[in-house]
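Quick notes on the structure that follows.
Only the coordinates and a few stated rules stand behind these numbers; no lab work does. Fair warning: this is a prediction, and the values are worked out from it, not measured in the lab. Here Cβ is always computed from backbone atoms with ideal geometry, including for glycine, and neighbour counts include all displayed protein chains.
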Number of protein chains: 2
Amino acid sequence: MALIVQKYGGTSVGDVERIRKVARRALATRNAGNDVVVVVSAMAGETNRLLKLTNEISRRPSEREQDVVVSTGEQISVGLLALAIQELNGSARSFLGHQVRILTDSAFSNARIRSIDAAKLFDSLKRHEIAVVAGFQGIDEQGNITTLGRGGSDTTAVALAAALKADACEIYTDVEGVYTTDPRVCDRARKLERISYEEMMEMASLGSKVLQIRSVEFAMKYKVPLWVRSTFSDDPGTLVREEDKAMEDVLVSGIALDRNESRFVVRAVPDNPGVAARIFGALAEQGIVVDVIVQSPAREDGRTDVAFTVGRPDADKTFEQVKKIAEQLGAGKVEREEGIAKVSIVGVGMRNHAGVAAKMFQVLGGEGVNIRVISTSEIKISCLVDEKHAERAVRALHTAFGLDGPPKRGQEG
Amino acid sequence: MALIVQKYGGTSVGDVERIRKVARRALATRNAGNDVVVVVSAMAGETNRLLKLTNEISRRPSEREQDVVVSTGEQISVGLLALAIQELNGSARSFLGHQVRILTDSAFSNARIRSIDAAKLFDSLKRHEIAVVAGFQGIDEQGNITTLGRGGSDTTAVALAAALKADACEIYTDVEGVYTTDPRVCDRARKLERISYEEMMEMASLGSKVLQIRSVEFAMKYKVPLWVRSTFSDDPGTLVREEDKAMEDVLVSGIALDRNESRFVVRAVPDNPGVAARIFGALAEQGIVVDVIVQSPAREDGRTDVAFTVGRPDADKTFEQVKKIAEQLGAGKVEREEGIAKVSIVGVGMRNHAGVAAKMFQVLGGEGVNIRVISTSEIKISCLVDEKHAERAVRALHTAFGLDGPPKRGQEG
């Protein structure tokens, strides 16, 4: 008998029929002798409907109140799923963020989990109930409702799995697992049987939207084995786990593509200690997640250019903030550019192999793709390129690094 | 400077434009120098949409989970209204049942308020905020979400007014006040300038759907002056307050009509002490509110018939329960009848006047309306009649008791 946390995304609970399907799956896991905690997202489309309402009222709604409105999506889902399980003669009980007591900081719309009080859930499991927990939401010290940011239900699931010391955390989604790259971009993409936390983090942060990056961080920290599986099939999916020897034999595990980037360049920044902290500290305070950061070596005048990217939804807020900071720092002008995509290759094997970056640049050059910014880490190399070249770049890299499987026919595989 | 609690119903916050209108009205009250607490219902149609979802999943959904789902309607409203006030440069903050701590019993879907912790609201008012509180919802001792039953937002508003010792409680709705009878049934209905709590309770419980009865009980108990007003006009509305001498000069204040009744008769009930308690105790446990109860004098065989009515939505549950109890009691068969309406005349003046009942029966007889059951209290007389005669009965009584105003033209007045 194991303790399993299952998380179902918005598509998986998109309508009443699908909620019944999820109920059957959760109950089957329970009836196989496991303790089951289920985390659910809002029904597909619901979060956007709610955000549309808040935006009709206010162009820049207060995030506290927006969280109050938006968190209702998950609340509806947990109630309905608990009812669906009961309707199948299962025992179930819904829990909201303030009922489990998922304590977060007060960064509305992008809060971080601080602690989880597992006692109520253990009580529920002792009563042989399936505990159905609202994803995405928490509560701060003052009792305000908070949300964890888009995809936050994954984080809820993994944090619960860690707090409950679960044997596994299964993330159900509408794809069969983690792929070498987006199958819609490259028809030779292959499903991975397993991938390391580190690689998954790079893939997630780089736009493979299967898992929220923070959930993978959590899973790695607490060594929670994560299964990424499809709600609509019995395929075992992809196991995300600690790195092992065999993983290192593969040079590149996947190619990530993120289209939704805005690039900023702050020109002629005085190259003094603490300057970068001023810029990025101010953005962090606003809850803006900065992605790639590149600072050029200082010029002879003691000034430097700082380039970075943020997700498109944060671009307006970022531009406003950065112009303010640039003025305070006596820096030059702030440039903003949309239509930027980021193409990255990811693999723990890179650590022990030379020449991977060179090969990447060579492939992109051969395709006539101009590289705007390069950024590297131990296990990934990212290139910012024009949106219009991005897909071609992904396909070329997928082939060049030996990831191609047989081409897919239609929607199969 | 006064402390005013305003309550806006579902129609008043039915869309974004109307929410803006409510925000303007609340802010105008605040800017006139008052402390303002606003209670809101779910946007019109939202509660039904949510109930439809729970009913699609389960024919008889668990009321705990149903409350989790249904309470999201008010949660959305408070967030949106707080945003709308902020958008007008007002200061506002939303509060949910568990945040104010509106403590209720655990009768899901029909809970009663036990206490309210006003401290958080006073803090909010001290910060010069308009406190926007979710109606209809509370939390029980175990932290479960509860709801107060249909129209429960009125009760929330009055209970808050009592807890905060507010100077007035304004109930905004889509009608101009309390009428002598339903203007859709009788075009000579008149708006009342004032009415006593007692009369209002009888009118409310008898189907004048302007105020939830429990809210009037609360208002009477704590002497909260209640204004029933229209969101869409500046008419002062109807004041519901303590009885005074002038009220007694009016024989009948209003005619109430409730169409939505189901009648049950339990035949041949053993006429022992405690029998009625067995029947109605079992129904109360299920949260079923029983309306008219009539027990005939015992027959020679020591048995009696017990007749009562419940609201149509509770009829199925009631039938099931009562059949069970009847069997346990060794009673005869249980009859059930739909299509019953209740016509009542209400007035504190009745106490001091003889012959009111006789006049009522005479008017109904003259109209050829057959009376099925009669029930009387100090200030009201109710007759159950066939649904199809109900409107005719109301019009005839309205004229006979001198309530007619000039006939209305179209939607005016």
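Simple spin-label estimate for A:Ser106 and A:Arg49 gives 3.2 nm between the two label positions (7 Å along the Cα-to-Cβ direction from each Cα). Across all Cα pairs in the stretch A:1-127, the calculated P(r) in 5 Å bins from zero up to the longest distance comes to 2, 10, 18, 20, 19, 15, 9, 5, 2, 1, 0 percent per bin.
When only Cα pairs below 8 angstrom with a gap of at least 6 residues are kept, the stretch A:255-400 shows a relative contact order of 31 percent. Counting other Cβ atoms within 10 Å as a rough exposure proxy, the listed residues A:His389, A:His353, A:His398 run A:His353, A:His389, A:His398 from fewest neighbours to most.
Working note: 222 nm ellipticity from helices only, DSSP H runs with n ≥ 4, each -39,500 (n - 2.57), summed and divided by the residues of chain A, gives -10500 deg cm²/dmol to the nearest 500.
Can you classify chain B as rounded, prolate or oblate using the Cα gyration tensor, where a ≥ b ≥ c are the square roots of its eigenvalues, rounded means a/c under 1.5, and otherwise it's prolate if a/b beats b/c and oblate if not? Oblate, because a/c is 1.5 or more while a/b does not exceed b/c. Each of A:Glu141 and A:Ser233 was given a label point 7 Å from its Cα along the Cα-to-Cβ line. The distance between the two points is 4.8 nm. When chain A is turned onto chain B, the axis of that turn runs closest to one Cβ of chain A, and that residue with its distance in whole Å is A:Thr72, 2. Seen from every direction in turn and averaged, the convex hull around the alpha carbons of the protein assembly as shown projects onto 42.4 nm². Rounded to whole numbers, the Karplus 3J(HN,Hα) couplings from phi for the stretch B:116-126 are 10, 8, 7, 4, 4, 6, 4, 4, 4, 5, 5 Hz, using 6.51 cos²θ - 1.76 cosθ + 1.60 with θ = phi - 60°, and x at Gly and Pro. Cβ crowding within 10 Å, taken as a proxy for footprinting-reagent exposure, orders A:Thr399, A:Thr155 from fewest neighbours to most as A:Thr399, A:Thr155.
For A:Phe136, the amide hydrogen comes within under 5 Å of the amide hydrogens of A:Ser153, A:Thr156, counting only partners 5 or more places away or on other chains and with H modelled in the peptide plane. The Rg/Rh ratio of the stretch B:333-413, with both radii computed over alpha carbons and Rh defined as the Kirkwood radius, is 1.02. Charge tally for A:Met43 (other residues, Cβ to Cβ under 14 Å; Lys, Arg +1; Asp, Glu -1): 0.
Report the local net charge at A:Ala26: Lys and Arg +1, Asp and Glu -1, summed over other residues whose C-beta lies under 12 Å from its C-beta.
+3
Within 10 Å of the Cβ of each residue in B:48-54, the mean number of Cβ atoms contributed by other protein chains is 3. Per-residue shielding of A:88-101, expressed as the average number of other chain Cβ atoms within 10 Å of the residue Cβ, stands at 3. Computed over the alpha carbons of the stretch A:152-227, Rg followed by Dmax gives 12.3, 39 Å.
Rounded to the nearest 20, the size of the Cβ-charge dipole of chain B about its Cα centre is 380 debye, with Lys and Arg at +1 and Asp and Glu at -1. Helix A:275-285 and the longest principal axis of the Cα set of chain A meet at an angle near 30°.
Taken over the alpha carbons of the stretch A:297-355 as equal point scatterers, the Debye sum produces base-10 log I(q)/I(0) values at 0.28 Å⁻¹ of -1.21.
Karplus-based coupling profile of the stretch A:162-173, in residue order and whole Hz: 5, 5, 8, 6, 5, 6, 7, 10, 9, 9, 8, 9, with θ = phi - 60° in 6.51 cos²θ - 1.76 cosθ + 1.60 and x standing for Gly or Pro. Placing R0 at 25 angstrom, the Cβ-Cβ distance between B:Ala357 and B:Val294 gives a FRET efficiency of 0.95 after rounding to 0.05. Enter the angle in degrees (range 0 to 90, nearest 10) between the Cα long axis of helix B:16-31 and the first principal axis of the Cα atoms of chain B, meaning the one along which they spread out most. The answer is roughly 70 degrees.
When you restrict to C-alpha pairs under 8 Å that are six or more residues apart and normalise by the size of the stretch B:3-174, the relative contact order lands at 31 percent. Reported value for the stretch A:255-400: 125 Å³ per residue, from the convex hull of its C-alpha atoms. Taking other C-beta atoms within 10 Å as the exposure proxy, B:Leu226, A:Leu81, B:Leu164, A:Leu3 rank A:Leu3, B:Leu164, A:Leu81, B:Leu226 from fewest upward.
Averaged over the residues of B:145-154, the number of partner chain Cβ atoms lying within 10 Å of the residue Cβ comes to 1.
How would the stretch B:187-246 be classified by its alpha-carbon gyration tensor: rounded, prolate or oblate, with rounded meaning a/c under 1.5 and the a/b versus b/c comparison settling the rest? Let's see the in-between values first.
Numbers: a/c = 1.40, a/b = 1.33, b/c = 1.06.
Rounded shape, in that the Cα axes give a/c under 1.5.
For the stretch B:319-413, chymotrypsin sites (Phe, Trp or Tyr not before Pro) meeting the loop criterion (DSSP other than H, G, I, E, B) and having at most 13 other Cβ atoms within 10 Å: none. Pairs of lysine residues in the stretch B:317-413 that meet both criteria, 8 or more places apart or on different chains and Cα atoms under 25 Å apart, total 14. One Cα centroid belongs to the stretch B:51-81, the other to the stretch A:322-353; the line between them spans 44 Å. Take the Cα of B:Lys223, step 7 Å toward its Cβ, do the same at B:Thr376, and the gap between the two points is 3.3 nm. Net charge in the neighbourhood of A:Ala107 (other residues with Cβ under 13 Å of its Cβ; Lys, Arg +1, Asp, Glu -1) is -2. Pairs with C-alpha atoms separated by more than 29 Å, drawn from the list A:Lys21/B:Lys7; A:Lys21/A:Lys191; A:Lys52/A:Lys223, are A:Lys21/B:Lys7; A:Lys52/A:Lys223. In order along the stretch A:321-332, the Karplus-derived 3J(HN,Hα) couplings, from 6.51 cos²θ - 1.76 cosθ + 1.60 at θ = phi - 60°, round to 4, 5, 4, 4, 5, 4, 5, 4, 7, x, 7, x Hz, and Gly and Pro are given as x.
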